[in-house]
Structure formats: C-alpha cells, structure tokens
1. Among the helices (runs of 4 or more DSSP H) contained in region 262-330, which hold 2 or more residues that are surrounded by fewer than 18 Cβ atoms within 10 Å (Cβ to Cβ)?
2. Looking only at residues in region 117-159 that are touching a Pro at 6+ places or on another chain (Cβ under 8 Å) and in a helix (DSSP H, G or I), which one is farthest from ASP171 (Cα to Cα)?
3. I need the full set of residues from region 261-293 which are in contact with a Pro (Cβ under 7 Å, 6 or more places away or on another chain) and closer than 24 Å to ALA185 by Cβ, in order please.
4. Within the set of pairs 6+ apart or on separate chains, which have a first residue in region 258-276 that is under 23 Å from ASP312 (Cα atoms) and without any contact (Cβ under 8 Å) to a residue 40 or more places away in the chain, a second that is of a type outside the set (Phe, Trp, Tyr) and not in a loop (DSSP other than H, G, I, E, B), and C-beta atoms under 8 Å apart?
5. Quick one: which of ARG72, ARG107 is charged (D, E, K, R), part of a loop (DSSP other than H, G, I, E, B) and at pLDDT 95 or above?
6. Consider region 193-208. How many of its residues are closer than 22 Å to GLY305 by Cα and without any contact (Cβ under 8 Å) to a residue 40 or more places away in the chain?
7. Surrounded by fewer than 21 Cβ atoms within 10 Å (Cβ to Cβ) and either closer than 22 Å to VAL255 by Cβ or not small (Gly, Ala, Ser) (or both): is that true of ASP111 in this structure?
8. For GLU130, all conditions in the list (1) more than 13 Å from the chain's Cα centre (by Cα); (2) of a type outside the set (A, V, I, L, M, F, W, C); (3) closer than 25 Å to ASN318 by Cβ hold save one; what is the number of the exception?
Amino acid sequence: MTAVRRVLFVVAALVLVAQAFRPVFVDAQAFRPVFVDAQAGLTALRREDHYRTVNGLRLHFVSWPADTVVERPTIILLHGIARHAHTFDHIAPTLFRTHNVIALDMRGHGDSGWSPEGAYLVQDYVKDLEGLVDQLRLRKVTLLGNSTGGRVAQVYAGLHPDRVDKLVVEDVGPERPQNIADAFARRVEQEKNGWASEDELVAQLVTQNRRTPEPLLRTYAHFGLKKLDGGPGNNVGAAPRYVWKRDPNLVKGFVETELWESVRKITAPTLYVIGGGSRIVPPETQDKLKQTLPNVRIVVMPGLGHYPDEEDTTGFMNIVGEFLALRPSA
C-alpha cells in the first residue's frame, strides 16, 4: 500500500468513527405520518421476526432495524389485551424515521408462548419486558403502549425510571375496574368457536369498529388468527374454523387492577393520549395523573374511542411525534 493510499484509508476510517459517535437529534418534521401499504411498505423497511426465551416462555417480537452506523433511540410498542405486535404496523414506518422499532407479542398473544400457569397479570407482562430489555442490552428505551400494553409500560417506567427515556400511554390509566374485566371474559366466551373465514371476522370487526379503516382491521385479523382443522373441538370431518391466536386463560390475569403505587414513581416525560369517546380514563383520573406526575401531558382526542392510533392515525402521530421530538429532561 502506497503512502497516499494509507493516508486515504486512515482519513476514511476517521470519518466513519466520527459518524458513529455523532449525537442523535430527533427532528419534529420527521414525524409527519407516512402512508404506505401495510405489507409492501413494511417489507421495504426490512421487517424482521425474532424469538427470545424470557422467564421460560418463547416470546416473539418484530423489529425494524436501521441500516446505519449512527446510534438511534429504541422504541418498544406494547399492544392491548387480545391483540398482537402487528397492530402497530401502520405507525411503524413513521416511528422508524427516527427510532429503531420493536413491537412485542406479549405472553399468551400472537406468536408468543402461553403461560402454563395462566400467569397474565400486568406484573407478569412487566417481568417479560424487563427480561427482553436486558437480553437486548438496551440501556434506555421509549415505551408506547395501548390498553393493557399501556398498563405494562406505566409499571415498567415506575420500576425502572433510569431506563425509560419517554413514555406514551394510549387510552388507559392506572385503574382497571371490575366491569371491564367482566366484559373481556364475556368476549372470550362468545368468540371461542371462531369464524368460518378471515373475511367473516373482518366483516364483523368493520361493523363493530366504524371509525377504524378496514385495512387495519384486516391486519389485526390476518396476523391474529390461526386455522383449526376440525374446529375448536378437533372433530373429524368438521369444517375448519379460524380462532384467535391467544390463550383463553388471559382472563385469569385480566382482573380488577390498581397501579398507582408504580405510577407515582414515573419520572420520564409522559404523554397520555385519550379517546374523547372512551370512558377508560375518566376526568377524575386525568386530574389525579396531573397532580401525581411531575412531567406529564394529557391530550384528549374528541370523539375517538379506545384506539385513537387506528381511528385517526394522522392526528395521533402528530401528537406523539411532537412529544417524541422534545429533548428528555436532564
């Protein structure tokens, strides 16, 4: 190698090192929502499936890693009860602009393992999140959770304030009353026999969720169902049925819950996005959150239900994007 080539090689190496340690600045403009086909767009972003054994269960998660030497923050997405990681497919492209994105199938859901003991309390999901973050060697994360996933995110942030950069909670607070638990138990019983086809379920979901676009409901159904030849009873000769990929014993952990002890310990900047038409987080709970948390913002999206990210994705991502673009507190 000539002297000139050696010099050029050293200069190039120094440039790469400088790029690798360049500070990460999140630009608010980067969060303008990206509208792509749910499958084609995410394929272009190199979606990857992963499995890790945590607390004796094989957990599945989806990631959208960036092909860059520049360190990027990581955001972990936590879904609601009876849902799965792919229910975040429509917001992942926008979040990917500035973050490495991970969406977890929580235990008993999607392609993750089922707890033999029926251990599905919020605290059980939190232990899985703790184990996954440790295995992935993530020093600090941003969490976004909706419904039960939001409860998990709140508890983790309270238990590990030094490991949470920012917290986004969608239409859920620290309390789950008994009537909500009872409603889910009834739903599991009603849906135990499944559907004749994916299309049959999608048609039902469209009727039940008028504000949610059909493609999002189809993604929910497509990745959330499994085919049972012979139906739930495995009867020879019976027509196949499509049932949810979820453990029926989820109901054992979906019980009346109160999480204020953990929520009081949250120190990270926190955003609650609440559907104005939902009764999950009543005004008195919102007031208590404002009094309890030193760095909280609560935004109510008028007329929306339990999943604002699906019913008004543009509005939801504008709110979340503005929040994530803020620098964390010292």
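The values are calculated or read from the model by the stated rules, or taken from the named source; none is laboratory data. As the structure is a prediction and not an experimental result, all values here were calculated from the model. Here the Cβ is made from the backbone with ideal geometry for all residues, glycine too, and neighbour counts use every protein chain on show.
1. Details: elements: 283-292, 308-311, 313-325.
Output list reads 283-292, 313-325.
2. Going through the qualifying residues, I end up with GLN154.
3. GLY275
4. GLY276/VAL300; GLY276/MET301
5. Working: ARG72 fails: at pLDDT 95 or above.
None of the others qualify; the one that does is ARG107.
6. So the first thing to find is which residues in region 193-208 are closer than 22 Å to GLY305 by Cα, and the list is 201-208.
Filter once more, keeping what is without any contact (Cβ under 8 Å) to a residue 40 or more places away in the chain: 202-208.
Counting residues in region 193-208 that are closer than 22 Å to GLY305 by Cα and without any contact (Cβ under 8 Å) to a residue 40 or more places away in the chain gives 7.
7. Working: surrounded by fewer than 21 Cβ atoms within 10 Å (Cβ to Cβ): yes; either closer than 22 Å to VAL255 by Cβ or not small (Gly, Ala, Ser) (or both): yes.
So ASP111 fits the description; yes.
8. (3)
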